Amino acid sequence: WKGGLPPSGARAAMSHTASLSGSKRIWEALFRQTGAIQVHSLEELLDTASALYHLPPQTDPRVGVVCGGGGISVASSDACHRAGLVLASLSPETHQHLASILAPSGTSAANPVDAGSPYLPAALLRDILMTLGASGDVGSIIIDRIALSARMRQILESAEDEEMEGDHLLTQLPVELQRRWGIPVIVVLREGGDLPPALEWEAERRRLRGYYQQRGIPVYPTAERAMRALGQAIAYFRYRDRAKA
């Protein structure tokens, strides 16, 4: 993270570390030639470091997105493009199988795979994830807007304590997916924001985040940040492979 490269930042640096600001062109050339990852904020630095720390090396830019509604297809496509990633096209076989297990309306078997609801039975979510993992169509998978525990559903719906069928397996599915197919998996757990039970939501989000990070799966609060970090990591590993050639 090199501050003071734009003109306004360079002027601000004059009162602090002017001798360290330097030429924008020289610094960017240094980044390109050494493979250093340039970031533009502390947030982006931490996000990228998390991706490099948790994810297995990957150079395939094709991304599969599994989401629970929300009409995020266009936003996901835009975020992929900005991050240097590709929203993968699914094969007819993969598309056909996904269409056969999803509800006939309010869903999409294309990529992003829209399951129609954040509240999925563990068996259905497992079928979706394993179908993508086995397809060969994607190099990584991002799971967004899916309630990965019964507690999340209870908070969102203000429901009484209840048992969700297969809940003990639901949280484990992203871990199983990554271990079985060896591809990067990223989970998006959105922050509570203005939700009335924000404190309960944040406690559950942090619990799940810790669970996944301990098992090699980075967690981000938005798909935009997840894709940006994944794009940075993939660009680095592609540079490293070229440098070895």
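What follows draws every value from the coordinates through simple rules; no lab data is involved. These numbers come from a predicted model, not from an experiment. Cβ: placed from backbone, ideal geometry, glycine included. Neighbour counts: every protein chain shown.
Structure above, values below:
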| read-out | value |
| --- | --- |
| Dimensionless Rg ratio for region 69-185, taking C-alpha atoms and the 2.2 N^0.38 Å reference | 1.08 |
| For region 129-137, Karplus couplings with θ = phi - 60° (6.51, -1.76, 1.60), whole Hz, Gly/Pro x | 5, 5, 4, 5, x, 7, 6, x, 7 |
| Separation between Cα centres of region 189-245 and region 74-150, rounded to whole Å | 17 |
| Choice from Y220, Y212, Y53 with maximal GNM fluctuation in the chain (Cα, 10 Å cutoff) | Y53 |
| Relative contact order of the chain, pairs being alpha-carbon contacts under 8 Å that are 6 or more residues apart, as % | 25 |
| Choice from S50, S91, S23 showing the highest fluctuation, given a GNM over the chain with Cα pairs closer than 10 Å | S23 |
| With 5 Å bins from 0: P(r) over the chain, alpha-carbon pairs, percent | 1, 6, 12, 16, 18, 15, 11, 8, 6, 4, 2, 1, 0 |
| Overall form of region 195-245 per C-alpha gyration tensor (a/c, 1.5; a/b vs b/c) | oblate |
| Average Cα contact separation per residue, region 91-138, under 8 Å, 6 or more apart, as relative contact order % | 36 |
| Rg/Rg_ref, region 88-157, where Rg_ref = 2.2 N^0.38 Å and atoms are Cα | 1.12 |
| Length added when fully stretched, K24-S100, from 0.36 nm per residue minus Cα-Cα | 22.1 nm |
| Dipole magnitude (debye, nearest 20) for the chain, charges at Cβ of Lys, Arg, Asp, Glu | 1560 |
| Linear extension gain, L42 paired with R82, 0.36 nm per residue minus alpha-carbon span | 12.5 nm |
| Inter-label distance, nm, simple model (7 Å from Cα along the C-beta direction), E93/L124 | 2.6 |
| Other-chain or far-sequence residues with amide H under 5 Å of V65's (modelled H) | V113, I142 |
